[in-house]
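K.L.:
Here it is, the structure, as structure tokens.
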Amino acid sequence: MRRSSAAEVHSMKMSVLLRTAPVLIGALLMAGAPMAGPAAPVQLESQPVLPGYWEYTTRALGQGDTETKCVRPSEINRFFGGLSTRRWRCTYPVRQVGAGNAHFEGTCEDRKGRRVNVRLTGTYQQESFRFRGGAQLARGTPYIPASITARRLAAQCPANAEYF
């Protein structure tokens with residue numbers, strides 16, 4: 001059996017990284033499921049962001065994805081402060097939210113046990129937020145730059161809206 005050279009292994013890893021990073025980053029940055037595991041309570045203001053109809057865009061490696069979701073009042077903390085997804089269970093031991101600024105640091109793990117480190121920092125208002133940061137796919141590798149911007153389109157959701 002032929003053994004791969006270090007350059008071939010590196011090339012294969014980079015190929016997988018470039019194909020999966022935009023999806024992974026988008027998944028990591030958007031909320032979609034409750035946080036897993038023990039984590040420090042989020043010290044959110046009474047309502048850092050308002051419920052309603054939201055549009056958000058995630059960007060990584062030059063690619064972007066925009067979605068709209070209806071966020072109920074009961075889902076605000078999960079939408080804004082959870083930053084987990086159905087595929088990735090995340091914990092954020094470092095969560096600082098207040099006075100229009102937010103910072104999150106933690107790890108996310110998928111069902112296969114793959115883990116990534118995540119960092120997000122940005123600003124928010126009740127009807128918008130913008131975070132920049134990234135994900136580290138392997139220990140010792142640089143963080144892949146990513147961003148998420150979100151804005152509230154309306155207080156009421158359209159009849160056909162997808163709920164968060």
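K.L.:
If you take the residues of the range 73-129 that are open to solvent by 80 Å² or more (accessible area, probe 1.4 Å) and part of a loop (DSSP other than H, G, I, E, B), which of them is modelled with the lowest pLDDT?
P.N.:
Step one: filter the range 73-129 for residues open to solvent by 80 Å² or more (accessible area, probe 1.4 Å), giving 73-74, 77, 86-87, 89, 93, 96, 99, 101, 111-112, 114-115, 119, 125-127.
Okay, now just the ones that are also part of a loop (DSSP other than H, G, I, E, B), so 86-87, 99, 111-112, 114, 126-127.
Values: ARG86: 53, ARG87: 62, ALA99: 92, ARG111: 89, LYS112: 93, ARG114: 86, GLN126: 94, GLU127: 96.
That would be ARG86.
K.L.:
Right, something else. Within the range 143-150, can one find any residue that is in a loop (DSSP other than H, G, I, E, B) and either open to solvent by less than 90 Å² (accessible area, probe 1.4 Å) or in contact (Cβ under 8 Å) with a residue 12 or more places away in the chain (or both)?
P.N.:
yes
K.L.:
Quick one: in the range 130-164, which of the residues that are β-branched (Val, Ile, Thr) and within 17 Å of the chain's Cα centre (by Cα) is modelled with the lowest pLDDT? Full working, then the answer.
P.N.:
Step one: filter the range 130-164 for residues β-branched (Val, Ile, Thr), giving 141, 144, 148-149.
Next, from what is left, pick out any that are within 17 Å of the chain's Cα centre (by Cα): 144, 148-149.
On the way: ILE144: 91, ILE148: 82, THR149: 89.
Selected residue: ILE148.
K.L.:
Say whether the condition of being open to solvent by less than 70 Å² (accessible area, probe 1.4 Å) and either modelled with pLDDT of 55 or more or polar (S, T, N, Q) (or both) is met by at least one residue in the range 15-35.
P.N.:
Yes: the range 15-35 contains one or more residues that are open to solvent by less than 70 Å² (accessible area, probe 1.4 Å) and either modelled with pLDDT of 55 or more or polar (S, T, N, Q) (or both).
The values are calculated or read from the model by the stated rules, or taken from the named source; none is laboratory data. Just so you know, these numbers come straight off a predicted model, no measurement behind them. Virtual Cβ from ideal backbone geometry, glycine too; neighbours counted across all protein chains shown. Quick note on the areas: whole protein, heavy atoms, side chains included, nothing else; ligands and nucleic acids left out. Shrake-Rupley method; radii C 1.70, N 1.55, O 1.52, S 1.80 Å.
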